[in-house]
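This report concerns only the one structure given below.
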Amino acid sequence: MRAATPPPVAPTGDHHGLAVVLFAVVVLVTLAITFWAGRRGGGAAEDFYAGGRDFTPLQNGFALSGDYLSAASFLGVAGLIALYGYDGVLYSIGFLVAWLVVLMLVAELVRNAGRYTLADVLALRLRRRKVRAAAGGASVVVTLFYLVAQMVGAGSLVALLLGTNSAQARTWTIVAVGGLMIVYVTIGGMRATTWIQIVKAFLLVAGSVVLTVLLVVRFHGDVAELMRQAAQHSGAGQRYLEPGLKYGKSFTSRLDFFSLGLALVLGTAGLPHILSRFYTVPTARAARRSTMWAIGLVGGFYLMAIALGLGATALIGSAEVRQANSAGNTAVPLLALVLGGGNGSTGGVVLFALISAIAFATILAVVAGLTLASSAAFAHDIWAGAWRPRPRGDRGARGGRGLRGRRAVVPASRRSRGAAAARATTAAGADSAPAAAEREEVLVARIAAVGIGAVAIVLSLFAQQLNVAFLVGLAFAVAASANLPVLLYSLFWRRFTARGAVWSVYGGLIPAVVLVTFSPVVSGTKVALFPGMDFHWFPLENPGIVSIPLGFLAGWIGTLTSPEPADPDRYAELEVRSLTGAGAV
């Protein structure tokens with residue numbers, strides 16, 4: 001086959017209107033789903049957090065894959081492959097292998113043991129407010145990292161669509177996406193978010209199939225020729241198809257890659273928005289089947305993402321991809337433009353606009369799920385579980401006993417006269433008080449969604465030059481450091497204590513955040529958050545290799561030094577419930 005000449009890589013201004021119209025259609029459809037689902041759902045916490053738990057395994061499998069296949073997958077991974085070849089492929093492998101950990105270790109157990117969030121699993125045996133506060137705070141931090149990645153991807157995509165690389169276009173896009181995600185969560189809750197994820201996952205897989213088929217036809221099914229063309233237009237020659245182009249330059253870069261792989265493989269099982277998906281199905285068996293559907297969809301998608309990344313390099317060239325966006329986030333839309341007929345052709349611009357609209361839908365759906373997970377963690381775990389005062393009379397196991405555990409002595413005459421009134425009060429108030437508390441909690445969650453959305457917008461404005469897949473890698477590192485150790489210890493270690501849980505969360509969370517702050521991600525390089533400053537001392541871009549072991553170590557030390565031993569009865573309750581589903585919500 002004759003060597004392909006990289007074509008122009010920007011759509012003409014005459015066709016921007018078509019892509020803008022398709023973006024508007026995506027926004028209107030998602031808003032329609034939100035208002036439809038909002039009318040169907042009630043004001044109860046179960047509707048807002050778990051969508052009523054009435055989704056089928058297939059529906060939830062699509063929603064799980066929709067939550068997972070984010071801008072990092074559709075834009076970032078393909079972009080990394082287009083720029084770095086073999087080393088970029090390793091990203092997709094890490095993302096996919098992580099699902100085996102989810103399937104084997106946490107899917108069914110989390111569904112049986114929890115209610116809405118990760119902290120619910122911990123609270124079943126570690127009934128301490130500080131445990132809920134620690135787990136909820138870590139979940140908010142993880143989702144914020146993930147949110148920043150999605151919104152940066154949205155800014156890059158819309159800037160390309162409008163034919164401009166101006167910071168102003170990206171800024172307004174980030175603000176608009178932040179506003180939309182607040183609307184999705186505050187109005188529709190989990191039910192709307194799930195249906196948006198289902199629609200988005202179907203569109204994403206369908207769009208990827210179309211591009212892959214066109215790419216295969218373009219090269220007449222000759223995969224070897226596709227790889228040769230990619231190497232030829234990569235600017236690196238044969239090294240593009242070999243390991244080491246990005247992570248093999250030094251011992252530090254190789255260590256950084258190992259740290260990244262560790263975070264990707266272990267981080268998925270600690271992502272709050274993934275764990276919350278298991279509560280939208282009625283049983284643990286449905287949760288496992290959902291995970292199996294998700295593995296099939298995610299695996300097929302990443303195979304296509306590898307082909308699309310190679311195709312972008314072969315037909316466009318790494319230099320041109322980098323010129324359009326320094327992090328490679330726009331490689332797939334540009335490939336769509338080429339496969340449709342090239343710049344100026346109707347087919348090229350239509351396909352470019354369709355793929356861009358699908359990518360935009362991907363971002364909108366994922367930010368909705370992330371915002372819901374973070375607002376749930378704040379309202380259900382931090383506010384309701386740790387801050388809100390307990391109602392009077394709530395004395396734990398003492399029930400109706402006095403402060404010293406003795407049952408109050410009440411005269412028989414008073415008991416007889418008050419019996420009818422007590423029964424009436426119980427009948428009328430037993431359900432109304434929890435319902436009122438739930439409505440108050442959901443209101444706090446909606447308010448929290450607004451605040452978290454505002455914070456995510458501000459952080460995203462500083463991270464516009466970073467690759468979205470790389471940003472997601474940081475979120476995975478924090479999740480694997482702070483959430484996974486405490487989850488595994490709680491489920492499988494009989495001696496685990498409340499102190500161990502708190503130490504495990506903070507022992508992974510704080511080092512991960514500190515090491516990122518003083519890494520080349522934030523300062524010291526041209527693509528850092530603050531390129532004009534240099535205060536980094538940690539040499540790795542991903543902190544997982546240090547922070548993940550610290551999370552496990554802190555939980556172990558905290559448990560061994562705890563003044564109170566673990567409660568064997570509570571662990572037995574957790575074990576039976578997680579393995580059998582007896583007593584599960």
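The values are calculated or read from the model by the stated rules, or taken from the named source; none is laboratory data. Fair warning: this is a prediction, and the values are worked out from it, not measured in the lab. Every residue, glycine as well, gets a Cβ built from its backbone with ideal geometry; the counts of neighbours run over all protein chains shown. Note: areas computed on protein heavy atoms with side chains; ligands, DNA, RNA excluded. Shrake-Rupley method; radii C 1.70, N 1.55, O 1.52, S 1.80 Å.
Using the Cβ-Cβ distance between Val25 and Val458 with R0 set to 35 Å, the FRET efficiency works out to roughly 0.75. Paramagnetic label reach from Leu560 (point 7 Å along Cα→Cβ; backbone nitrogen cut-off under 17 Å): within the range 485-500, residues 489, 493-500. All Cα-Cα distances of the range 433-583, cut into 5 Å bins from zero to the largest, leave 2, 9, 12, 13, 13, 14, 14, 10, 6, 4, 1, 0 percent in each bin in turn. Potential lengthening of the chain between Ala436 and Arg239 amounts to 64.6 nm, from the contour at 0.36 nm per residue minus the alpha-carbon distance. Helix 129-161 and the longest principal axis of the Cα set of the chain meet at an angle near 20°. Which residues among the range 252-295 fall inside the zone where the amide N is under 13 Å from a point 7 Å beyond the Cα of Leu100, along Cα→Cβ? The answer is 265-266, whose backbone nitrogens lie closer than 13 Å to the label point. If I fit a long axis through the Cα atoms of helix 568-580 and take the longest principal axis of the Cα atoms of the chain, what angle between them do I get, 0 to 90°, rounded to 10? Between helix and principal axis, roughly 50 degrees. Shown is the FRET efficiency for Ala44 and Trp172, computed with R0 = 35 Å from the Cβ-Cβ distance and rounded to the nearest 0.05: 0.45.
Residue ranges 311-318, 89-96, 207-214, 371-378 sort as 371-378, 311-318, 89-96, 207-214 when ordered by packing (mean number of other C-beta atoms within 10 Å per residue, highest first). Averaging the Cα positions of each part gives two centres, and for the range 195-266 and the range 18-58 these lie 32 Å apart. Take the Cα of Leu255, step 7 Å toward its Cβ, do the same at Thr517, and the gap between the two points is 2.2 nm. Label-to-label distance, Arg388 versus Ala572, with points set 7 angstrom from Cα along the beta-carbon direction: 3.2 nm.
Measure nothing fancy, just the Cα-based angle from helix 251-267's long axis to the longest principal axis of the chain, in degrees from 0 to 90, nearest 10. Compared with the principal axis, the helix lies near 50 degrees. On a per residue basis, the chain carries 39 Å² of accessible surface, using protein heavy atoms and a 1.4 Å probe. Once Cα extents along the principal axes in Å is worked out from the coordinates, which option in (1) 88, 56, 51; (2) 100, 51, 43; (3) 120, 58, 46 does it equal? Of the listed options (1) 88, 56, 51; (2) 100, 51, 43; (3) 120, 58, 46, (2) comes from this structure. Between Phe492 and Arg285, residue separation times 0.36 nm minus the direct Cα-Cα distance comes to 72.5 nm. Carbon-plus-sulfur fraction of the accessible area of the chain, 1.4 Å probe, in percent? With neighbouring chains kept in place, the figure for the chain is 66 percent. Each residue, Leu579 and Leu443, gets one label point 7 Å from its Cα in the Cβ direction; the gap between the two is 4.4 nm.
Working from Cα pairs under 8 Å separated by at least six residues, relative contact order for the range 242-341 is 13 percent. Partner lysines whose Cα lies under 21 Å from the Cα of Lys249, excluding those fewer than 8 positions away in the same chain, are identified as Lys526. The 1.4 Å probe gives accessible areas that order Ser276, Ser326, largest first, as Ser326, Ser276. Other residues whose C-beta falls under 13 angstrom from the C-beta of Tyr506 contribute a net charge of +2, scoring Lys and Arg +1 and Asp and Glu -1. Label reach from Glu225 (point 7 Å along Cα→C-beta): in the range 292-318, amide nitrogens under 19 Å belong to 307-317.
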